[in-house]
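The values are calculated or read from the model by the stated rules, or taken from the named source; none is laboratory data. Treat the numbers as computed from the prediction; the structure is a model and nothing was measured. Here the Cβ positions follow ideal geometry from the backbone for every residue, glycine too, while neighbour counts run over all protein chains shown. Only protein heavy atoms, including side chains, enter the accessible area calculation; ligands, DNA and RNA are left aside. Shrake-Rupley method; radii C 1.70, N 1.55, O 1.52, S 1.80 Å.
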Amino acid sequence: MHLFITFEGPEGSGKTTQIRLLADRLVASGLPILVTREPGGTRIGNAIRAILLDAAHTEIMPRAETLLFNAARAQLVDEVIRPALTAGKIVLCDRYADSTLAYQGFGHGQDLAPLRQVGNFATAGLRPDLTIFLNIDPTAGLERKRATTEEWNRMEEKKLAFHQTVRQGYLQLASVEPDRWFVVDAAQAIDEVHEMIWHRVWDQISRIE
Ligand code: TYD
């Protein structure tokens, strides 16, 4: 068994909740899992995460930002993700290389080709088997997040138009690789979203076994 599942979506799309529900159900089914997240997931990654999300770091340049996200990613892949996959675990990762294409590429208007190259270098070519995109209007997502958390980081402060562009970017990425991407309407109730994800993941597991 080798199954690497990533979750993507805008702020407030419910990624964290859905990852937890999926993880609980996989564990209840007796399957070994590992849950991690970007940026972060390692000591080095968390240090980089603190630089990236600090609201005081307004001068950070797009290329520097891109490389920092990828540095955290490289560390996570080598230290955590690959070893877990080798050990036969199902890996669930909150954000991965597609976040860079969506935010630093579509969001900041950087060319996708070099971003893909840097991403391939950072991941040493490790691609997700399945990417779940929690599709929600950024207005609804940001409202949800504002209502539920005190934390309001640098990325979230970016204006709404940026988040709309990021969402369209994700949908474009999903449309060119429909086999890898599973787009879920995240405006639905939590349980309904979970059921859809569960059926898609279970289908994938049955095909492997
Ligand atoms: P985080 O607090 O983890 O938010 P979320 O719960 O939405 O994942 O912050 C991660 C932020 O970093 C989020 O705004 C998306 C952004 N990001 C990028 O811009 N590029 C990347 O490559 C990654 C992994 C995240």
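In the context of the full protein assembly, Asp179 retains an accessible surface of approximately 130 Å², using a probe radius of 1.4 Å and ignoring ligands and nucleic acids. If the viscosity is 0.890 mPa s and the temperature 25 °C, what Stokes-Einstein diffusion coefficient in µm²/s follows for the stretch 1-104 when Rh is the Kirkwood radius over Cα pairs? Translational D for this selection: 170 µm²/s. Taking amide hydrogens as placed 1.01 Å from N in the peptide plane, the amide H of Leu3 sits under 5 Å from those of Val91, each at least 5 positions away in sequence or on another chain.
Projecting the Cα atoms of Pro128, Met196, Leu112 onto the charge dipole of the stretch 63-209 (Cβ charges, centred on the Cα centre) puts Leu112 farthest toward the positive pole.
Surface composition of the chain: carbon and sulfur make up 55 percent of the accessible area, probe 1.4 Å.
Heavy-atom accessible surface of Leu85, to the nearest 10 Å², is about 10 Å², with a 1.4 Å probe and all protein chains retained. Per residue, the solvent-accessible area of the chain (1.4 Å probe, heavy atoms of protein chains only, all protein chains present) comes to 48 Å².
Under a model in which nothing but the beta-carbon of Lys, Arg (+1) and Asp, Glu (-1) is charged, the chain shows a dipole of about 360 debye around its Cα centre. Comparing Phe182, Val166, Ile205 along the charge dipole axis of the stretch 160-209, the residue lying farthest to the positive side is Val166, per the Cβ-charge model. Structure remark: mean-square fluctuation, Gaussian network model of the chain, C-alpha springs under 10 Å; the largest value among Gln172, Gln75, Gln104 belongs to Gln172.
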